[in-house]
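The values are calculated or read from the model by the stated rules, or taken from the named source; none is laboratory data. As the structure is a computational prediction, the values presented were derived from the model and not from experiment. So basically every Cβ, Gly included, is an ideal-geometry build from the backbone, and we count neighbours across all protein chains shown. Note: accessible area is taken over every heavy atom of the protein model, side chains too, but ligands, DNA and RNA are not part of it. Shrake-Rupley method; radii C 1.70, N 1.55, O 1.52, S 1.80 Å.
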Amino acid sequence: MKFWDTGEQTNTETFDYDVMKKKFIENLDYLKTMSVEEQTLYKKWMEWNTDLLGNMKRLPVLQQHYDSLWKPTDIMNKELTVSEINSLDPYVEIVDDDPKESTRWTEIRRLIHTMEFQANPGRNVKCYVKDRTSGKILGQICLGSDITSLGVRDAYIGWGKEDKFTNGKLNNTTIATTIVSTQPFGYNFLGGKLIAALATAPEIRDYWKQKYDNVLIGVGTTSLYGIHSQYNGIPHFKTLGESKGKISTKPDDFVYDPWHQWLKENKADWYSKNITQERERNGANMGYERNGPVSGIKQKIIQAIYKELGIKSDAYDHGFQRGVYFAQMYENGNEFLCSKIEEKDLVLKEKFEKGTEYTMKWWKDKAVKRYEKLYEEGKIKPEVLFYIDAIGLTWEQMKEKYLKEVGR
């Protein structure tokens, strides 16, 4: 099955209701057969092969990004590699809003991360983590408008709808939609833990305040593969539990987009009402993007399509439970988020006040020990994970080449 085939019917002027219903359900049935690892890789494959011609044209530019990634000189030279790790001087570089810079960041993100990249609606702060010594990229971070409802997080904070929406406290937290380390830095040197810790860096807090005029109280994130993840053991983050996995599987764009357009045209009143509601819930009048897509609306659209097609609302819940983690940066941050104290009363925790100094002291020794252990056990992985080779592969070739890397 070529579910990525861009020759599929997408023009609503020639929209065949029964044909498109059949394609929609077939696509969801296909996705439902996949494990979380396989579905993650499938979305990555789609990312590089839906616009195959466009990506082939950009190959020379994409290839140049390889040289911007940090790599040890000779990972099998123990003394040299330990020296290079000890010499690393990581820092957070926030990406300018300039479209060219944003495009470059996005291309690198798609090349080094196993999960597809979709720009989240609302707020968006893209960052590199770079090494001052070499100027090379160690990883990337993207922070966005927080998820409106996340059970274990809301319970930890003590949040209700009034605090989140009426009082606008959802503007004081963020969800890290991307935390990714380059490879082989991630696997061999606990690079993912370093990048995650730096998502709480003072530079990010300062930028959030400057750009959105909200103090940043906490950074949340979720793991792809349950509670056992790179976020465990990071002193910056608290493990809150797991999500319920009750999110509808998003069908591929070639079947989702025509139905989305059909709703706009044939259920215009419903569509307009729900877009407005979600924009209000997300605080569009408090600094969020007013005219763009809004957080939560995609799930509502999918559920509306289900209803139109007579599909049970939970028939295609993906069931993939994500580990939920939260970095509460203030001693009394939850009290602020619950509207019990004012901003002037906030007390920053010492580890976050020290910022990168604290993070490096915690991470560097662990990174060297991790590398030395892998070296002694003969388990070093020297490969650079760079998905440029995914362009032009068949789905079967993609699985054979990359499935073992998912969750690495």
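Results for (1) in a helix (DSSP H, G or I); (2) within 29 Å of Ile297 (Cα to Cα); (3) among the polar types (S, T, N, Q), shown as yes or no for each residue.
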residue: Val125; (1), (2), (3): no, yes, no
residue: Ser134; (1), (2), (3): no, no, yes
residue: Leu138; (1), (2), (3): no, no, no
residue: Leu143; (1), (2), (3): no, yes, no
residue: Arg153; (1), (2), (3): yes, yes, no
residue: Gln183; (1), (2), (3): no, no, yes
residue: Arg205; (1), (2), (3): yes, yes, no
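Working only within the stretch 356-385, note down all residues that are in contact (Cβ under 8 Å) with a residue 12 or more places away in the chain, basic (Lys, Arg) and surrounded by fewer than 17 Cβ atoms within 10 Å (Cβ to Cβ). Lys366, Lys381 - these are the residues of the stretch 356-385 that are in contact (Cβ under 8 Å) with a residue 12 or more places away in the chain, basic (Lys, Arg) and surrounded by fewer than 17 Cβ atoms within 10 Å (Cβ to Cβ). State yes or no: is Glu265 more than 30 Å from Lys23 (Cβ to Cβ) and either more than 22 Å from the chain's Cα centre (by Cα) or at pLDDT 90 or above (or both)? Against the criterion (more than 30 Å from Lys23 (Cβ to Cβ) and either more than 22 Å from the chain's Cα centre (by Cα) or at pLDDT 90 or above (or both)), Glu265 does not qualify.
Check the stretch 384-394 and report whether any residue there is of a type in the set (Asp, Glu) and either within 30 Å of His236 (Cβ to Cβ) or over 25 Å from the mean Cα position of the chain (by Cα) (or both). Working first, answer last.
Our first condition is that a residue be of a type in the set (Asp, Glu); within the stretch 384-394, this holds for 389.
With either within 30 Å of His236 (Cβ to Cβ) or over 25 Å from the mean Cα position of the chain (by Cα) (or both) added as a condition, the list becomes none.
So far as the stretch 384-394 goes, no, none of its residues is of a type in the set (Asp, Glu) and either within 30 Å of His236 (Cβ to Cβ) or over 25 Å from the mean Cα position of the chain (by Cα) (or both).
Just to be sure before I move on: is Glu353 exposed (fewer than 14 other Cβ atoms within 10 Å of the Cβ), over 21 Å from Asp146 (Cα atoms), modelled with pLDDT of 95 or more and not β-branched (Val, Ile, Thr) in the structure I sent? When the stated conditions are applied, Glu353 passes them.
Hey, does the stretch 111-127 have a residue that's basic (Lys, Arg), in contact with an Asp or Glu (Cβ under 6 Å, 6 or more places away or on another chain) and either free of Cβ contacts under 8 Å to residues at least 40 places away in the same chain or more than 24 Å from Tyr402 (Cβ to Cβ) (or both)? The answer is no; no qualifying residue exists.
Specify the residue that is farthest from the chain's Cα centre (by Cα); the eligible residues are those in the stretch 20-58 that are aliphatic (A, V, I, L, M) and more than 18 Å from Asp389 (Cα to Cα). Among those that are aliphatic (A, V, I, L, M) and more than 18 Å from Asp389 (Cα to Cα), it is Met20.
The numbered conditions (1) under 19 Å from Glu335 (Cβ atoms); (2) assigned to a strand (DSSP E or B) are all true for Asp163 except (2). Condition first: surrounded by fewer than 20 Cβ atoms within 10 Å (Cβ to Cβ) and on the phi < 0 side of the Ramachandran plot. Can you find one or more residues in the stretch 184-200 that meet it? Looking through the stretch 184-200, none of the residues is surrounded by fewer than 20 Cβ atoms within 10 Å (Cβ to Cβ) and on the phi < 0 side of the Ramachandran plot. When the stretch 27-75 is limited to residues that are under 25 Å from Gly191 (Cα atoms) and not in a helix (DSSP H, G or I), the one that is most open to solvent (accessible area, probe 1.4 Å) turns out to be Thr73. Candidates Gly241, Gly319, Gly296, Gly287: the one that is on the phi > 0 side of the Ramachandran plot, out of contact with any Leu (no Cβ under 7 Å at 6 or more places or on another chain) and at pLDDT 70 or above is Gly241.
Candidates are the residues of the stretch 115-131 that are touching a helix residue (DSSP H, G or I) at 6+ places or on another chain (Cβ under 6 Å) and surrounded by 18 or more Cβ atoms within 10 Å (Cβ to Cβ); the one that is modelled with the lowest pLDDT is Phe117. Is it true that some residue in the stretch 222-239 is outside any helix (DSSP H, G or I), free of Cβ contacts under 8 Å to residues at least 60 places away in the same chain, touching a Cys at 6+ places or on another chain (Cβ under 6 Å) and not acidic (Asp, Glu)? Checking the stretch 222-239: not a single residue is outside any helix (DSSP H, G or I), free of Cβ contacts under 8 Å to residues at least 60 places away in the same chain, touching a Cys at 6+ places or on another chain (Cβ under 6 Å) and not acidic (Asp, Glu). None of Ile388, Ile302 is among the hydrophobic types (A, V, I, L, M, F, W, C), surrounded by 19 or more Cβ atoms within 10 Å (Cβ to Cβ) and either within 30 Å of Lys32 (Cβ to Cβ) or touching a residue at least 40 places away in the same chain (Cβ under 8 Å) (or both) except Ile302.
Count of the stretch 95-112 residues, restricted to those that are farther than 22 Å from Lys57 by Cβ and in contact with a Phe, Trp or Tyr (Cβ under 8 Å, 6 or more places away or on another chain), is 1.
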